[in-house]
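Nothing in this text is a laboratory measurement; each read-out follows from the coordinates by a stated rule. These figures come from a predicted structure and were not determined experimentally. All Cβ positions, glycine included, derive from the backbone under ideal geometry; neighbour counts span all protein chains shown.
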Amino acid sequence: MHRNVRSLSRGLTLIGELSAGGPSSVVQLAKRTGLNRTTCYRLLETLQADGYVTLDETNALFSLTPLVRTLSEGVSTRDLSSQAAVPAMFSLLNEVSWPSDFGVFELGAMLIRESTHPFSPFSVHRSMVGHRRSLLRSALGRAVLAASPPALRREMLEMTAALVEEDAAMARDRRYVADIISQTRKDGYASSVGGSETGISAIALPIQAGGPVLGSLNLIFFSSSMTPETAARRYLSSMKQAVKEIERRWSAANKARGKLA
């Protein structure tokens, strides 16, 4: 087996951080990625020379360029998926009060694109958009894993093993992954207890829009307040309605985009 190319992984990590957080300084990127400033700056200069990153010298902020669109359709898809998710998420919040997140798989982890944390009376977080959650330890990730076809799941796990050091061993453990998938399918929802944060639990459902899994929707609650099983009995029906609404809006947005193309 060939050794991983660390510089490639780090460069992709920087692209992911700029995608999630927008224009950022070297200091900000170093703090968020755990890389030292010299390494960050050297990688950013390389990405800049290749046309994927630009530097605004007036404020020393690096940004992604439109050339990044050639790597994936994520730039255009991101807006559509968020537009589909937000109304349903706020309807869910009005029903259950606990916060929820909409996440998508990106660079070996789940990237939170939308969240109702700032608006929930039961949340201890002011913002979650742009944060990442484990593919294997979070309910968001487990929901996507269980709903993905085998070929796509393998690619996701391979990317996680290459890019996310703390999850690499789990991503390579076939039995561990199989147990996650089996339990999630048996329950009818994904769950986690303290997987992302101590004292925090979650249940989640995949969002499937007639093709590859779009992402997942979770519901967050204090572990001391209830078990995932209790949360599912109380709130799973409302979550399923929210997921159906997101899928409906996603389908309508894509049809509209097709007519304009």
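Key figures
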item: Amide H within-cut-off set for ILE200, under 5 Å, with H built and near neighbours excluded; result: GLY194, SER223
item: Prolate/oblate/rounded label for region 152-261 (Cα gyration tensor, a/c 1.5); result: oblate
item: Linear extension gain, ARG248 paired with ASN94, 0.36 nm per residue minus alpha-carbon span; result: 53.5 nm
item: Likely footprinting exposure, ILE112, ILE246, fewest C-beta neighbours within 10 Å first; result: ILE112, ILE246
item: Linear extension gain, ASP50 paired with ARG233, 0.36 nm per residue minus alpha-carbon span; result: 60.7 nm
item: Gained length - GLN241 relative to ASP173, 0.36 nm times residue gap less alpha-carbon distance; result: 21.1 nm
item: Ascending count of other beta-carbon atoms within 10 Å, so fewest first, for TYR189, TYR235; result: TYR235, TYR189
item: Separation in nanometres of the label points that stand 7 Å from Cα toward Cβ, at GLU155 and THR39; result: 2.8 nm
item: Total formal charge among the other residues, if their Cβ is under 10 angstrom from that of PRO87, Lys/Arg +1 and Asp/Glu -1; result: 0
